[in-house]
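Chemist: Dumping the structure here so I can ask a few things about it.
The values are calculated or read from the model by the stated rules, or taken from the named source; none is laboratory data. In this text the structure is predicted, and so the values were computed from the model without any measurement. So basically every Cβ, Gly included, is an ideal-geometry build from the backbone, and we count neighbours across all protein chains shown. To get the accessible areas, we keep the full protein, side chains included, count just its heavy atoms, and leave off ligands, DNA and RNA. Shrake-Rupley method; radii C 1.70, N 1.55, O 1.52, S 1.80 Å.
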Amino acid sequence: MPKTKKTQVTAVPERRRELLHLAAEVFAAHGYNATTVRRIADEAGMLAGSLYYHFDSKESMLDEILATFLAELWEGYDAVLAAELGPRETIEALVTESFREIDRHRAAVAIYQKESRALAAQPRFHYLTDSQQKFEQAWLGTLERGVTEGAFRADLDVRLTYRFVRDTVWVAASWYRPGGQHSPEEIARQYLSMVLDGIAVRT
């Protein structure tokens, strides 16, 4: 009897993770507003009422998906920023960490890109705005420091550069699939080579 009880207790968190992963894929593919609880339940092979055993609403599922992704993202970013690396090395580490997060949370990244602007207007999701502001400060601050210290060109438009690098990296969630030909670290290395060194042959 004790063994059976233990299995039931540990199975609930594991089942929650499975359902969140599934819900993230459905939200990413069809959009949050177009996705119903019934659709998620159908994908999970369960009755819609059974889904409410784990979550009180699809909003709660989305909240947990995005909050988990951002918590892990900032755990990695904060470690990079705390390391006090040079500007170029910081950019390299941030890009690499970004691709690792895309690898771990591809669907959540896709949802964030599509839904965050509308969701941020809701009190429950105001943390999306806070995270975006913190994100921008980290990247712009690093680029500005790089210009000041001579690591990057003096004529660099840091805001335009930030937008270019941000969009170039995170749009990868639309095509990246975990377990593909290239690891997140290899993709980051290739992207960084193009961004920092260009693609033309040096003469």
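Chemist: Say we join alpha carbon atoms closer than 10 Å with springs in a Gaussian network model of the chain; which of 193, 116, 174 then has the biggest fluctuation?
Modeler: 193
Chemist: Rounded, prolate or oblate, given the Cα gyration tensor of the range 116-196, with a/c below 1.5 counting as rounded? Working shown, then result.
Modeler: Details: a/c = 2.67, a/b = 1.10, b/c = 2.43.
Oblate, since a/c reaches 1.5 and b/c is not below a/b.
Chemist: While we're here: Give the range of the longest stretch in the chain that excludes all trypsin sites (Lys or Arg not before Pro) found in loop regions by DSSP and having at most 10 other beta-carbon atoms within 10 Å.
Modeler: On the way: sites that count: 153, 202.
That gives 1-152 as the longest site-free run.
Chemist: Then there's this: Kindly list the residues of the range 31-61 that lie in the label zone of residue 15, defined by a backbone N under 14 Å from the point 7 Å along the Cα-to-C-beta vector.
Modeler: 41, 44-56, by backbone N distance to the label point.
Chemist: Over the chain, with a Gaussian network built from C-alpha contacts below 10 Å, which listed residue (156, 22, 70) shows the highest mean-square fluctuation?
Modeler: 156
Chemist: What percent do you get for the relative contact order of the chain when only Cα pairs under 8 Å and 6+ apart count?
Modeler: Numbers: 142 pairs, mean separation 45.2, N = 203.
Dividing the mean separation by the residue count of the chain yields 22 percent.
Chemist: When only DSSP loop residues count, what GluC sites (Glu not before Pro) in the range 87-181 have their Cβ near at most 12 other Cβ atoms within 10 Å?
Modeler: Working: sites: 89, 92, 97, 101, 115, 136, 144, 149; in loops: 149.
Qualifying residues, ordered by number: 149.
Chemist: For the chain, with a Gaussian network of springs between Cα atoms less than 10 Å apart, report the residue from 94, 160, 20 with the top mean-square fluctuation.
Modeler: Result for the chain, Cα springs under 10 Å: 160 fluctuates most.
Chemist: Report, in whole Å, the centroid distance computed from the Cα atoms of the range 5-84 and the range 140-197.
Modeler: 29
Chemist: Using a probe radius of 1.4 Å on heavy atoms only, what accessible surface per residue do you get for the chain? Whole Å² is fine.
Modeler: 59
Chemist: Then there's this: Size of the dipole of the chain about the Cα centre, Lys and Arg at +1 and Asp and Glu at -1 on the beta carbon, nothing else charged, in debye to 20?
Modeler: On the way: 25 positive and 29 negative charges, 138 e Å.
Using only the charged Cβ atoms, the result is roughly 660 debye.
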